Amino acid sequence: MTQHVLLGRAFYARDAREVARDLLGAVLVRRLDGRRVSGRIVEVEAYRTTDDQAAHAHAGHTPRNAPMWEAPGHAYVYLVYGMYWLLNVVCEPQGTPAAVLIRALEPLEGQDVIAARRAGRSLLAWTSGPGKLTRALDISGAHNRLDLTVPNAALWIEAGERVPDAQVRTGPRIGLGKHVREPWLSMPWRWWIAENPHVSR
DNA sequence: ACGGAGATCTTCT
DNA sequence: GAAGATCTCCGTT
């Protein structure tokens, strides 16, 4: 019955894979025109650090990935394919450049706002992908480097009802086939809630 | 249902 | 100069 409990620095200051697992069921909240527009996190991916070949941090410190060196709980938002903003949350103790990608949401509050922003699409296409959900919640480069642990800002994450292990599924990450090789392929990097129709496909 | 291609532009080589 | 942590549309089956 916890309500509107903001996730703080300590939550994010852990191994990115633990944070990813625990973000399932949490609620991403966006304040738009004074209203709460939110979704339950149903799919995530972890990107570790310089030893993870698929991670941006693998290249070392660059202008783009600089936010990953901020304190845990900051947003790392970047543009892919010239068109889609992707939202990550910085994890691990500060100085270790790791992050979790928010891949899919189940719409909760402000569904009329989301529907308007995703006009012409069906409910299941509103937020079922990392590029879709940023459009649905109006998340962009303007939110890069934002501290998500600050109460009542533009964007933050609240604790939700914990998803039991029996409902958690894992698998390889999506969209980077040629980068991922052993031993990383044998480890869990993507988590989602079983049977949830808002998971990307 | 499934597959292929185009959109669009920043980043790093 | 090429590729990219994607999505949508259009074709065919």
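Considering only residues in segment A:87-116 that are surrounded by 18 or more Cβ atoms within 10 Å (Cβ to Cβ) and assigned to a loop (DSSP other than H, G, I, E, B), the one that is nearest to DNA strand B (Cβ to nearest atom) turns out to be A:PRO97. For A:ASN152, the conditions (1) crowded, with 16+ Cβ neighbours inside 10 Å; (2) on the phi > 0 side of the Ramachandran plot are fulfilled apart from (1).
Against the criterion of being more than 13 Å from DNA strand C (Cβ to nearest atom), in a helix (DSSP H, G or I) and either touching a Cys at 6+ places or on another chain (Cβ under 8 Å) or more than 21 Å from A:SER140 (Cβ to Cβ) (or both), A:ASP51 does not qualify. From the list A:ASP138, A:ASP147, the one residue that fits, being within 15 Å of A:ASN88 (Cβ to Cβ) and among the acidic types (Asp, Glu), is A:ASP147.
Between A:GLY8, A:GLY25, the distinction of being in contact (Cβ under 8 Å) with a residue 40 or more places away in the chain, surrounded by fewer than 20 Cβ atoms within 10 Å (Cβ to Cβ) and on the phi > 0 side of the Ramachandran plot belongs to A:GLY25 only. Of note, A:ALA125 satisfies the criterion of being out of contact with any helix residue (DSSP H, G or I) (no Cβ under 6 Å at 6 or more places or on another chain) and of a type outside the set (Val, Ile, Thr). Only residues that are touching a strand residue (DSSP E or B) at 6+ places or on another chain (Cβ under 8 Å) and within 15 Å of DNA strand B (Cβ to nearest atom) were counted across segment A:117-131, and they come to 4.
Residue by residue, here is whether (1) surrounded by fewer than 18 Cβ atoms within 10 Å (Cβ to Cβ); (2) away from DNA strand C (no atom under 13 Å from the Cβ) holds:
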{"residue": "A:GLU43", "(1), (2)": "no, no"}
{"residue": "A:ASN65", "(1), (2)": "no, no"}
{"residue": "A:ALA71", "(1), (2)": "yes, yes"}
{"residue": "A:LEU79", "(1), (2)": "yes, no"}
{"residue": "A:TRP85", "(1), (2)": "no, no"}
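Can you pull out the residues in segment A:73-86 that are outside any strand (DSSP E or B) and in contact with a strand residue (DSSP E or B) (Cβ under 9 Å, 6 or more places away or on another chain)? A:GLY73 - this is the single residue of segment A:73-86 that is outside any strand (DSSP E or B) and in contact with a strand residue (DSSP E or B) (Cβ under 9 Å, 6 or more places away or on another chain).
Taken together, the values in this text are just the output of simple stated rules run on the coordinates, not laboratory data. The shown structure was predicted, so the numbers you read here are calculated from the model rather than taken from an experiment. Note that we place each Cβ from the backbone using ideal geometry, even for glycine, and neighbour counts take in every protein chain shown.
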